[in-house]
Structures are given as structure tokens and as C-alpha cells.
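One structure is given below, encoded as C-alpha cells.
What follows is calculated from the coordinates using simple rules that are stated; it is not laboratory data. Note that the coordinates shown come from a computational prediction; the quantities given were computed from them, not determined experimentally. All Cβ positions, glycine included, derive from the backbone under ideal geometry; neighbour counts span all protein chains shown.
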Amino acid sequence: MRMFNPPHPGQVLREYLAGRSVSTVAEHLGVTRVTLSRVLNGRAGISADMALRLSEALGTSPELWVGMQAQYDLWTASVSRRKKIARLPKSALARIA
């Protein structure tokens, strides 16, 4: 089930960090302060590598972070303006399978 307007995972991560400094957490994760800051401010997504780092540091699963990112990305794409794509005819679908 898709969430209506899900938060960027960086917002959730900010709550997990509970007031710790960006520099301290970035150093602990082995990433730059700028990289972590971009995620926390919603300017960058959570990659698979970052999800693994967060899961190890916070005791969560990497699927949690990747799943939140996927929900956010799907919601963002679903509300953006794009050309409507028609469904493929059934005969074309049979050839693909």
C-alpha cells in the first residue's frame, strides 16, 4: 500500500540521530559531512551503500531505508507531470513473455 506523500528518508533519519552533530555521525558512518547533510536535507537519496551503513550504525535493516526511499521516489514520480503512456496491446504482451 502506497503512503500518501511519504516523508523523505532524511527526515526520518534526523529523528533517529536525536540531536547528534552531522559531523560526528558522518565520521562514524565513514561519509563526508556534506553527503550526510544532503540526505538529511532531502537533497540526496539514500543509496544501497548508505542504507547498509545506517543499518549497521542504528541497528535497523537496510530494507527499511531502501523501502522508504523507494516510497518517496514513487510518490514524487506519481505526482510529477509526465506524458500518459498507453497500455500495450495484449498481442504485444504475449510476444514479450
Inset, instruction - Please find, among 44, 51, the residue that is part of a loop (DSSP other than H, G, I, E, B) and aliphatic (A, V, I, L, M). - result: 44
Inset, instruction - Take residue 19 and decide whether it is in contact with a helix residue (DSSP H, G or I) (Cβ under 8 Å, 6 or more places away or on another chain), of a type outside the set (Ser, Thr, Tyr), on the phi > 0 side of the Ramachandran plot and assigned to a loop (DSSP other than H, G, I, E, B). - result: no
Legend entry - Failed condition for residue 48, given (1) exposed (fewer than 14 other Cβ atoms within 10 Å of the Cβ); (2) among the aliphatic types (A, V, I, L, M); (3) touching a residue at least 40 places away in the same chain (Cβ under 8 Å): (3)
